[in-house]
1. Applying the selection to the stretch 299-320, what residues are in a helix (DSSP H, G or I) and in contact (Cβ under 8 Å) with a residue 12 or more places away in the chain?
2. Return yes or no: is residue 94 in a helix (DSSP H, G or I), within 15 Å of the ligand (Cβ to nearest atom) and surrounded by 17 or more Cβ atoms within 10 Å (Cβ to Cβ)?
3. Which members of the stretch 211-256 meet the condition of being over 13 Å from the mean Cα position of the chain (by Cα) and charged (D, E, K, R)?
4. Looking at this structure, is residue 73 assigned to a helix (DSSP H, G or I), more than 15 Å from the ligand (Cβ to nearest atom) and closer than 21 Å to residue 276 by Cα?
5. Is it fair to say residue 68 is among the β-branched types (Val, Ile, Thr), outside any loop (DSSP other than H, G, I, E, B) and more than 10 Å from the ligand (Cβ to nearest atom)?
6. Note down all Cβ pairs under 6 Å where the first residue falls in the stretch 97-124 and is more than 14 Å from residue 69 (Cβ to Cβ), the second is part of a strand (DSSP E or B) and among the aliphatic types (A, V, I, L, M), and they're at least six residues apart or on different chains.
Amino acid sequence: MCKVKKCNTIEFSYCKFRFINGSDLNKFFGFVEVFCGKNKNFKKNTTFAPQNNPICMYALITGASKGIGKAIAVELAKRKYNLLLVARSEEILQKLASELTQQYGIKANYLALDLSAPKAAETIKNWCESKQYELSILVNNAGYGLWGWFEKMSLEEQRNMMQLNMNVVVDLTYVLLPLLRQCAEKTGQQSYLLNVASTTAYQAVPTLSVYAATKSFVVSFTRGLRCELQNSNISVTCLSPGATDTEFSDRAKMTDSLKATAQKVNMTPEQVAQIGIAGLFKGDAEVIPGFINSFSAKMTSFAPKSLVEKIAAGIYTKHL
Ligand SMILES: NC(=O)c1ccc[n+]([C@@H]2O[C@H](COP(=O)([O-])OP(=O)(O)OC[C@H]3O[C@@H](n4cnc5c(N)ncnc54)[C@H](OP(=O)(O)O)[C@@H]3O)[C@@H](O)[C@H]2O)c1
């Protein structure tokens with residue numbers, strides 16, 4: 001039997017709080033989740049999750065130069081994981097690797113690479129093997145969105161997004177699973193896979209149609225793989241953030257008015273990373289940080305699809 005979805009949130013009547021600004025509510029519950037998650041994680045430490053990495057194992061994070069990926073790198077550095085940072089911006093990666101090395105006394109290396117380029121996964125695998133890194137955590141985080149009418153956006157750009165958000169996740173997982181397994185066998189400790197999806201995965205989102213579909217793919221792939229690996233020494237988790245204050249909206253080419261709407265429920269990348277990493281080490285199937293995000297994602301499975309799509313269209317299309 002697969003482990004059923006556990007969300008690290010406290011259930012509350014939303015109605016009671018509807019007069020509170022959505023961002024505050026998400027941030028408040030984010031704080032509660034971070035606090036509770038840390039305490040629960042601490043209790044579980046001895047049995048399942050290493051709070052601190054005792055034997056110098058490595059975590060590889062894609063999209064580690066900014067936003068959520070960078071915040072995840074910091075969370076893992078705090079737990080004494082050595083880091084392998086992958087993204088395109090070489091200077092930023094170099095600076096981050098050196099800062100984290102100094103601040104947390106870990107080892108950090110980086111690879112500046114366009115992950116959507118052919119054979120990117122193979123390049124990463126060869127890099128890890130040639131340096132003999134003990135890979136214990138893989139975080140598939142790199143990704144981006146494109147906002148607009150499907151017909152009006154470039155097909156080439158949308159295909160590139162599909163390549164990065166889906167194919168690269170599958171390729172990298174495929175080539176690095178043997179290294180995760182090998183490390184777990186050698187150290188006798190659990191290895192971890194964290195795939196970053198999005199709350200847009202739980203319903204169709206007009207004007208983010210292709211992006212939302214790529215993230216549905218990530219959720220489905222991750223849940224399937226989790227079941228396949230349930231009796232192994234690799235724990236698989238999907239992290240689905242909602243609106244988060246990063247460069248995502250700029251790259252998605254969102255207008256200022258849509259960004260302002262998103263800001264009402266925005267969480268910080270640090271909150272998302274703290275909740276995500278706590279969930280990863282707890283062995284959760286899916287983590288949806290933030291009360292409003294978690295509540296809305298749950299509601300989509302009960303409400304009629306046409307209604308949910310209408311609401312999503314109302315939020316996103318009026319800003320075009
Ligand atoms: N922010 C949100 O509201 C939100 C909500 C739900 C889910 N997410 C998901 O969270 C993940 C992280 O996004 P974010 O919000 O942190 O966005 P971000 O600030 O734009 O960061 C994206 C990261 O991915 C890297 N990246 C982008 N294209 C790449 C490529 N072709 N090859 C290698 N690295 C690449 C970027 O680095 P370089 O530019 O240096 O390459 C950067 O480190 C994404 O999968 C996104 O879909 C975000």
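1. Passing the criteria: 300, 305, 308, 309, 312, 313, 315, 316, 317.
2. no
3. Those that are over 13 Å from the mean Cα position of the chain (by Cα) and charged (D, E, K, R): 223, 226, 228, 245, 247, 250, 251, 253, 256.
4. no
5. So residue 68 does not fit the description; no.
6. From residues that are more than 14 Å from residue 69 (Cβ to Cβ), the pairs are 101/108; 109/84.
FYI, it's all coordinate maths here, none of it is from the lab. Only a predicted model underlies this, so the values are computations on that prediction, with no experimental measurement involved. FYI the Cβ positions are ideal-geometry reconstructions off the backbone, even for glycines, and counts take in every protein chain you see.
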